[in-house]
Amino acid sequence: MMSDQTQISGRATATAFRTIASELTYALIQTFKTVFLMQNAVCRFEPSCSIYAKESVKTLPFHKAAIKIIWRILRCSPFSKGGYDPVTIERR
Amino acid sequence: MNKNSLLAFVLIAFTVIFFNSSLWNNFWYGTILKRPVPTSMTNQQRAAQNNEATSEQKQETTDIRVILPEEEPGAAAADGLPSAQFGQPDPSLDADSAAGEIVRQAVADTIIIETNRLIAEISTKGARIISLKMKDYDYAGTRSGEMIDLIPAGSAGGAQLSVNNESFDDVFFTILNDDINVDTDVVGNNINDNNDNDDDIGNSITDDNINSDDVDNDDTDIADAGAIANIVVTSRHYITIDPDADYALVLEARSATTGHPIRKIFSFSDDTYRIGYAISGRNLTGRNVTLGWEGGIDDTEADVSVSTFGGGIDNRRAHYSDAHTVNHFEMKRRGVETPSGFFRWVGKSSKYFFIAVVAEETVEADIKIEGRDVSARSASSANVDIDYSVSFKFEAGSDEIENWIYAGPGSIRELSAHGMKFEKALFPVLSWARHIFWADAWFPPLAELILRLLLFFYGIAKDYGLAIFLLTALTKIVTYPLTRSSMKSMMKMKDIQPKIVALRQKYKGNPQKMNEETMALYKAEGVNPFNPGCLPMFLQMPIFIALFVVLRKAVELRGTTSWLLPWVKDLAQPEALFYLPFAVPIYGSNVALMPIIMAALTFFQQKQTITDPNQKMMIYMMPILMLVMFNGFPAGVVFYWTISSAFGLAQQALVKRKNLTPATTVVSGTPPSAKPTTATVVKTSARKKSSGGRRKRK
């Protein structure tokens with residue numbers, strides 16, 4: 001955990017880029033929800049899928065973030081129980 | 001909304017503007033695609049270009065000209081110069097041998113056949129279809145009020161034929177029908193404007209209708225003259241077919257290599273867009289016959305798309321099929337595609353129209369689809385670049401092969417009437433989209449179902465606006481259980497949100513404990529059982545997209561109005577209350593009413609759902625986005641979206657009112673009913689715990 005954070009904070013531009021990318025992801029998801037009239041969708045998880053996506057883009061490499069987001073959305077169905085499920089960083 | 005999210009929005013807006021700017025277009029089309037950037041023309045310039053193109057076409061189709069003395073063209077005509085000797089097949093009647101002898105020169109006659117659906121013009125030169133007018137459809141935009149001619153001006157037309165690679169497209173054919181008397185035709189050589197031709201057609205049609213004969217040989221002579229001394233004489237024969245009987249036009253030519261006659265037989269009947277296209281000839285069996293349709297499909301829609309997203313024009317597509325599965329094809333640049341295999345037909349489609357060349361049976365065929373750059377033809381759209389010429393080459397199974405052609409609107413009723421799976425060409429899934437969850441397999445049937453439902457509702461309501469309304473109501477009813485439970489749990493979540501925030505604060509460093517506590521809270525509040533989650537919402541999306549595609553592309557909606565929306569002139573076009581004198585980037589120059597209503601609805605919706613102060617900006621951002629985005633969409637699509645959104649708001653209000661009073665009883669009533677779920681909740685939390693532990697250990 002510590003090493004990841006130092007790596008990220010060590011490069012200010014990378015951090016800024018990630019922050020903007022995560023906000024962009026969030027804005028796109030919100031736009032998507034609005035355009036497809038899905039504002040009523042409620043996530044079974046805490047934090048919700050959109051926040052989860054935002055956080056994972058912020059903290060993970062893009063391909064991992066994408067996989068995580070897709071997996072999260074697939075899990076967010078009546079067949080899962082939901083609950084607290086934050087973005088976790090797996091360390092080697 | 002912090003600085004970063006604002007920046008994100010600015011980035012999105014910038015990207016959209018950039019990719020629609022002339023800067024990008026110049027770069028992409030000018031540099032990357034190495035072709036001239038289409039320049040916008042005024043209507044007059046366009047009309048002039050069209051005229052030029054038609055006169056070029058006329059000259060091309062009537063390649064052999066009667067060259068009359070320059071001084072007195074009128075006198076020569078009065079002599080009754082024999083222009084052609086049809087009726088007796090003569091091998092010398094081809095282009096090369098006729099060049100020297102004025103007397104024996106052939107004239108390209110044009111036979112105009114009118115059914116109650118279409119007006120086809122067939123030239124004796126190559127026996128090709130050189131014009132195909134749709135009686136029920138008019139051009140949109142600058143040429144409105146004019147019947148759509150599927151064959152673009154200046155193109156090679158349709159119904160090409162070659163046998164063993166010998167092309168018959170420049171060979172003069174003889175008309176074998178007794179009812180068309182060609183010998184007495186060519187007299188006049190008056191100089192006519194091209195535009196007069198259309199008038200003449202109209203006149204003679206009315207004449208023909210009075211005549212009760214099956215087929216009339218009421219001939220009108222038009223001499224098209226270039227500005228030069230060569231005077232082109234064509235004769236035009238008008239035939240209106242009898243509603244009860246088919247009409248077959250038989251044209252014959254001799255092969256230059258074998259000397260055998262080849263016949264092209266076009267048959268027409270009322271109430272269909274199907275044109276019989278039989279080929280017969282001695283020793284035809286075993287030879288390679290190539291049937292083609294070289295001319296593309298004309299641009300029938302308005303040239304200038306008012307804004308970025310909607311667009312009136314779609315790319316052309318090519319299709320080929322064995323009458324069971326249909327392959328679709330779209331080129332971004334010019335090129336040739338040559339699929340081989342067992343096929344039945346090859347065709348091409350524009351947004352609203354479809355042309356196919358169909359063989360008698362499924363045969364082993366070589367198909368050639370050639371994409372040609374036609375950007376010069378359309379005035380301003382960068383979209384329509386590629387038009388297709390298609391050909392279908394196969395070995396003739398007998399001396400007479402009964403092929404046919406479909407050329408007409410892409411309406412599902414017409415297309416599916418032929419049993420050739422033409423209707424599959426309506427909603428193809430192309431390029432990247434087909435990789436999303438096998439969209440290829442499920443999207444076309446879904447869109448087809450929705451279109452059929454729309455037509456069903458139209459059958460009841462007799463009004464497309466009302467039909468869209470009913471369709472929306474139906475989709476809302478179908479998805480109501482989903483939305484209701486979703487809304488209910490949303491209200492609950494809203495209630496318990498402060499508690500969750502408090503929990504998050506309390507167990508900041510302990511995700512395991514946090515998880516347990518959240519689950520316990522959910523259990524106590526009874527949130528879970530009602531909430532379908534995010535995935536089902538995604539599953540609704542295909543319905544939305546299919547509706548969007550159907551409402552945008554259905555030819556049935558083209559040019560229709562509705563009493564529900566009296567200010568809308570065409571449900572398939574973006575509406576406009578009035579036009580701004582300038583075009584706002586992305587928004588366009590039209591000011592439409594429904595997107596404004598929709599933006600207002602979005603605003604209320606957002607105001608109700610968004611409580612997070614960080615997202616306050618969204619409440620104002622989203623309506624603007626919706627307004628800008630939907631302004632250029634066809635009115636039918638926006639109407640659907642607007643009422644759908646209104647329905648959503650109404651449902652929300654309904655659920656809210658129902659839930660407000662008995663809220664406490666629901667919560668207290670939950671524990672006994674939620675008992676079976678308690679065990680599973682514990683189980684999952686236990687699993688979460690163990691996985692969390694594993695992560696920690698690593």
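Mind giving me the FRET efficiency for B:Ala441 and B:Glu364? R0 is 25 Å, r the Cβ-Cβ distance, nearest 0.05 is fine.
0.40
Give me the distance in nm between label points sitting 7 Å out from Cα along the Cα-to-Cβ direction at B:Leu430 and B:Asp179, one decimal.
Result: 4.1 nm between the two label points.
Between B:Phe342 and B:Arg282, what's the calculated FRET efficiency when r is the beta-carbon distance and R0 is 41 Å? Round to 0.05.
With R0 = 41 Å, the Cβ-Cβ based efficiency is 0.90.
Other chains near A:44-52: what is the mean number of their Cβ atoms within 10 Å of each residue's Cβ?
Average per residue, whole number: 4.
Over all residues in A:15-26, what is the mean tally of Cβ atoms on other chains that come within 10 Å of each residue's Cβ?
4
For the pairs A:Lys58/B:Lys3; B:Lys523/B:Lys658; A:Lys54/B:Lys3; A:Lys33/B:Lys476; B:Lys616/B:Lys658; A:Lys68/B:Lys492, flag any whose C-alpha to C-alpha distance is greater than 20 Å.
Table pairs above 20 Å Cα-Cα are B:Lys523/B:Lys658; B:Lys616/B:Lys658; A:Lys68/B:Lys492.
What ranking, highest mean first, results for peptides B:553-565, A:47-59 when packing means the other Cβ atoms within 10 Å averaged over each residue?
A:47-59, B:553-565
Based on Cβ point charges of +1 for Lys and Arg and -1 for Asp and Glu, what charge dipole magnitude is obtained for segment A:2-84 about its Cα centre, in debye rounded to the nearest 20?
Taking the Cα centre of segment A:2-84 as origin, the dipole is about 180 debye.
Applying 1/(1 + (r/R0)^6) with R0 = 45 Å to the Cβ-Cβ distance of B:Arg334 and B:Thr561, what FRET efficiency is obtained, to the nearest 0.05?
Once the sixth-power term is evaluated, E becomes 0.70.
Between B:Leu593 and B:Thr325, what length comes free when the chain is fully extended (0.36 nm per residue of separation minus the Cα-Cα distance, one decimal in nm)?
Residue separation times 0.36 nm, minus the Cα-Cα distance, leaves 92.3 nm.
Run down the lysines and flag those whose C-alpha is under 17 Å from the C-alpha of B:Lys125, throwing out any fewer than 8 positions away in its chain.
B:Lys58, B:Lys264
Can you give me the Cα centroid spacing of segment B:593-623 and segment B:392-441 in angstrom?
44
Ranking B:Thr258, B:Thr300 by Cβ neighbours within 10 Å, fewest first, what do you get?
Neighbour counts put them in this order, fewest first: B:Thr258, B:Thr300.
Let me know the mean shielding of B:617-625 by other chains, meaning the per-residue number of their Cβ atoms within 10 Å of its Cβ.
Average per residue, whole number: 3.
Of the peptides B:448-461, B:409-422, how do they stack up when ordered by the mean number of other Cβ atoms within 10 Å, highest first?
Packing order, densest peptide first, comes out as B:409-422, B:448-461.
Computed from the coordinates by the stated procedures, all read-outs in this text should not be read as laboratory data. Bear in mind the structure is a predicted one, so any value in this text is a computation, not a measurement. Ideal geometry is used to build each Cβ from the backbone, glycine not excepted, and the neighbour counts take in all protein chains shown.
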